[in-house]
1. Tell me the Kirkwood radius of segment 93-251: reciprocal of the mean inverse pair distance over distinct alpha-carbon atoms, in Å.
2. Would you kindly state how much longer the chain becomes between E517 and D147 on full extension, computed as 0.36 nm times their sequence separation minus their alpha carbon distance, in nm to one decimal?
3. 5 Å is the cut-off here: which amide hydrogens, built 1.01 Å from N in the peptide plane, fall below it relative to I35, excluding neighbours closer than 5 in sequence?
4. List the lysines whose Cα sits under 17 Å from the Cα of K513, skipping any in the same chain fewer than 8 residues away.
5. Which value results when the Cα radius of gyration for segment 301-355 is divided by 2.2 N^0.38 Å?
6. List the lysines whose Cα sits under 20 Å from the Cα of K238, skipping any in the same chain fewer than 8 residues away.
7. Answer with one residue from Q335, V314, G302: the one whose Cα lies farthest towards the positive end of the charge dipole of segment 301-355, charges on Cβ with Lys, Arg +1 and Asp, Glu -1.
8. With a cap of 14 neighbouring Cβ atoms within 10 Å, and only residues DSSP puts in a loop, list the GluC sites (Glu not before Pro) found in segment 150-216.
Amino acid sequence: MPSLQESKLAFIGGGNMASAIIGGLVSKGVNKQNICVSEPWDVNREKIAALGVRTTTSNVEAGGDADLIIIAVKPQVTKGVCEELGNAWSPRETLPVVVSIAAGITLDSLKGWLKTSDGRTAHTVRVMPNTPALVGEGASGVFASADVTSAEKELVNAMLGSVSKASEWVDREELLDVVTGLSGSGPAYFFAMVEHLVASATALGLPEEQAKRLATQTCLGAGKMLVESSDSPTQLRKNVTSPNGTTHAALQTFEALNFKEITDKAGDDNSAASFEKTLSTLSTKITQDTTRLDQQRWESWGVKEYAAVAGGPVLIFGVRKTSSKIFDYRISRIQRRLDDYHKQREETIEKLKVATKYNSTQQLLEKYGGESPKPSPNPKGQDTEKRKPTQQPQFVARTGLPPPPTANIRRPPSAPKTPNNPPSPSPLLELGPQTPQQPASIPPPFPPQPATEQSNFAPNAFPQNGEYIEQAHWYDRLLDVLLGEDETQPRNRMVMICSQCRLVNGQAPPGIKTPEELGRWRCGSCGAWNGVESEATKILSSLRQDAVPAAGASEPMSSEDADAPSSEGMEEGVMVSSEEEQVASGSSEAEGQTEGESSPEPLRRSTRNR
Ligand SMILES: NC(=O)C1=CN([C@@H]2O[C@H](COP(=O)(O)OP(=O)(O)OC[C@H]3O[C@@H](n4cnc5c(N)ncnc54)[C@H](OP(=O)(O)O)[C@@H]3O)[C@@H](O)[C@H]2O)C=CC1
Ligand SMILES: O=C(O)[C@@H]1CCC=N1
């Protein structure tokens, strides 16, 4: 670190305090050409220039190559000045030491504002000087940030020492506020005191100039005694105050007028100085928070913020992919086991066929018997043909009552419903994704009808004004990719429409994608069976039909027994419940028809058998 004489000094702001220090430095012989002052106001700049130092209007130029910068602008201007300098110093390899004399501006703020674009900050010192610096009688309080080196402190001490008789380094930064109220502002208190004394003496008849000289010299003499005497201020006061004398009477008047309180108040919370300090602190805080707010705003988002927003969906996608892989693996294991069971079942059925000579019997019957053997007539003499589940539409009014108006059932047209005069197709068949996978061979039982009539049918199934139709957006697709499709969504569900009477029997459970997965199901209105039957079930049904007449031939059954499906068939473990019902329906349907209008509910029969 260069010495004070060799150092280049720059003053940002050439006002009262800067003038006092520069004047002191010049009078102490510091090289004037090493001092540069930036000051926008011509009057002040010329006054400074009169001291013989360099001046400029550019802060950056003044601070360009300085070793020590003294920021001597008003507190509210300090932020802008610091940022201007910090930005300009980025190319500099070594940053200058910065001394701020601004009252109330903290080191943290200063260091933040002084940051260069590459993140460096100048070592910073706060000084609270006073104007007697001009005559080399200054008093200063000092506090430095932790990164300030001893060499840098030495340079600051040297600069202050040339204008101050007292440079006090304080332990805590907040103590600089106390120093401000004492020595920073202190000269003003003494000047005010002299002002009042002169005015009082003048009012009592003493010529003003005489009064001023007497007051000023008294002030200087008292000050000198305070500096030079070993006595305390209290002792020095007592030495002047004769018992019951005029000084005593005057000091009593001071006390009566709350002299102590006046001086106390100069530094307490209700003083103007205190308000100034509070306002200055608030201004600093407002500036800091405004800066923080700017940083938090969208436009000041950094790489981290954008990365978090962009990476969020990728993370969700990754988690979803991983978890679906785990579940896919578990599902495929269970599926393999299930396939194995299916295979074993097929093999067992084949063995059963061999054991019962099913194939050869079937061939012989086809060759010589014409039709498959029919079960023998039951004791009631009912025709067993009637027992076969009919695949024709059954529009039988089983209760004799019309369906409620809200029922999702087409109202009978004026013409009677017969296969030759079928009603129009259900509009639901036109709902693409929800249309069940019907065999193409099933002809639509109802001819198309005008839209107005369609909307009268099951009116709540069709949006009247489109308000319930949700358009898929691009982000819906994105969410489907990220989170998977919702199996409960209508577009992913199968609708169970009866192939005979077209009644919508609700939706297949979520996750069912094919008719095979759904299996056989029975229409709740006409009782017709729908869906796809597995090969094994067909064989077993056929075997059962073969077995029933054989048993009947050897041992006649009661009507109850004849109507009931065999318990073997009902308990067949490989059949799903709907398949069991289907086997049972061979008799229940027939019974339903023969028993006419009082036919039991289609499923009641099988329930009773269980
Ligand atoms: N006066 C004192 O006894 C003491 C003052 N201080 C502190 O010293 C600092 C200065 O106080 P003081 O000298 O009294 O105030 P002054 O107003 O007298 O001086 C400040 C000077 O800075 C100039 N200035 C304003 N904006 C800029 C800028 N952007 N760049 C460069 N210069 C600028 C001003 O010009 P313009 O007038 O055109 O705005 C003015 O000449 C304050 O922060 C104060 O707290 C500390 C201890 C004692
Ligand atoms: O009045 C002021 O704000 C400055 C600080 C101390 C002296 N003058």
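1. 18.6
2. 125.6 nm
3. L9, R54
4. By straight Cα distance, K513 reaches no lysines at all.
5. Working: Rg = 23.6 Å, N = 55, 2.2 N^0.38 = 10.1 Å.
For segment 301-355, the normalised Cα radius of gyration comes out at 2.34.
6. In chain and number order, the partners are K224, K260.
7. My answer, from the dipole projection, is Q335.
8. E173, E174
Bear in mind these aren't lab numbers, they're just calculated from the coordinates by the rules spelled out. What you see is a predicted model; the values in this text were computed from it and never measured. Glycine also receives a Cβ, built like all others from the backbone with ideal geometry; neighbour counts cover every protein chain displayed.
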